[in-house]
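One structure is given here, and the rest of the page talks about it.
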Ligand code: UDP
């Protein structure tokens, strides 16, 4: 079979042309980066776990009518997705202070915020993904005011739903990042959830011990990174069938 055409390689994923027009294949790598790729490493089995976790969460979100780019998982490291035009804005939701908000505003890590806070960052590696206001996003045309209404509304629903889902398995959803895209179908355009939702872009703390179960273990050299990602999958009830042995599995790229 002919090698599929690679369209884009990011830090943690590769996008290939899909089998039909309007589809793409999203391949999850084990590569990990932090601090705008100044820190690089590999987390063995991460791609397999994030593929599963993101599949699970996107399917659950679809059940409450959140539109997503996800179609189906193809194999251990790949999923079929709808091709969308990515809006160049990272949307961060925070329930508890951690990371950059703690540093920027001097709020001690672990402080519960008075209400969930949404922040926007302009997706631009050369500029280090600067924080921006909705004013910048609409003034520079990265998204329109109606797009932003949809994005904020969807993001708050996603936060409420995922907070409850994780709480049910003993995990506190501290914060997370999502990305949205424009899906063109016939004459219509819809804003849909894109990219991935996984421990790479969420802060997940054990509800009882506050132990970190996410990429902060890599960012802050806390060790037991693979175990933490596996534990998230285990609690969600979606560890690959053969358990940890399955994780290195075949790289089924053609
Ligand atoms: N995040 C992400 N990609 C980024 C920046 C942040 O997925 O490029 C996620 C991060 O994992 C965390 C949330 O967004 O769950 C908030 O991150 P923060 O602004 O605190 O930045 P960080 O501490 O990661 O620099």
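Before moving on, here are some points about what is shown:
- Going by neighbour counts of Cβ atoms within 10 Å, the residues 135, 119 line up, fewest first, as 135, 119.
- The spacing between the range 114-133 and the range 83-99, judged by their C-alpha centroids, is 7 Å.
- Mean-square fluctuations from a GNM of the chain, with a 10 angstrom spring cutoff on Cα atoms, peak among 79, 38, 103 at 38.
- Note on residue 209 and residue 74: their simple-model spin labels are 3.8 nm apart, each label 7 Å out from Cα toward Cβ.
- All Cα-Cα distances of the range 1-151, cut into 10 Å bins from zero to the largest, leave 9, 28, 40, 20, 3, 0 percent in each bin in turn.
- Mean-square fluctuations from a GNM of the chain, with a 10 angstrom spring cutoff on Cα atoms, peak among 112, 73, 52 at 112.
- Sorted by Cβ neighbour density within 10 Å, fewest at the top, the residues 122, 27: 122, 27
- Fewest-first sequence of 205, 142 by Cβ atoms within 10 Å of each Cβ: 142, 205
- Among 20, 179, 83, residue whose mean-square fluctuation peaks in a GNM of the chain (springs only between Cα atoms under 10 Å): 20
- Potential extension, residue 222-residue 238 segment - 0.36 nm per residue separation minus Cα distance: 3.3 nm
- Segment residue 123-residue 100, extension gain: residue separation times 0.36 nm, minus the distance between their alpha carbons: 6.7 nm
- Using equal-weight Cα scatterers in the Debye expression, the normalised intensity of the chain in log10 at q = 0.08, 0.11, 0.13, 0.16 Å⁻¹ is -0.30, -0.59, -0.84, -1.35.
- Efficiency of FRET from Cβ geometry, residue 66 and residue 44, R₀ 25 Å, rounded to 0.05: 0.20
- Taking a ≥ b ≥ c as the square roots of the eigenvalues of the alpha carbon gyration tensor, the range 137-219 is prolate, as a/c is not under 1.5 and a/b beats b/c.
Every number here is computed from the coordinates shown, using simple stated rules; none is lab data. Keep in mind that what you see is a predicted model, and the values were worked out from it rather than measured. Counting neighbours? That spans all protein chains shown, and the Cβs are built from the backbone with ideal geometry, glycine included.
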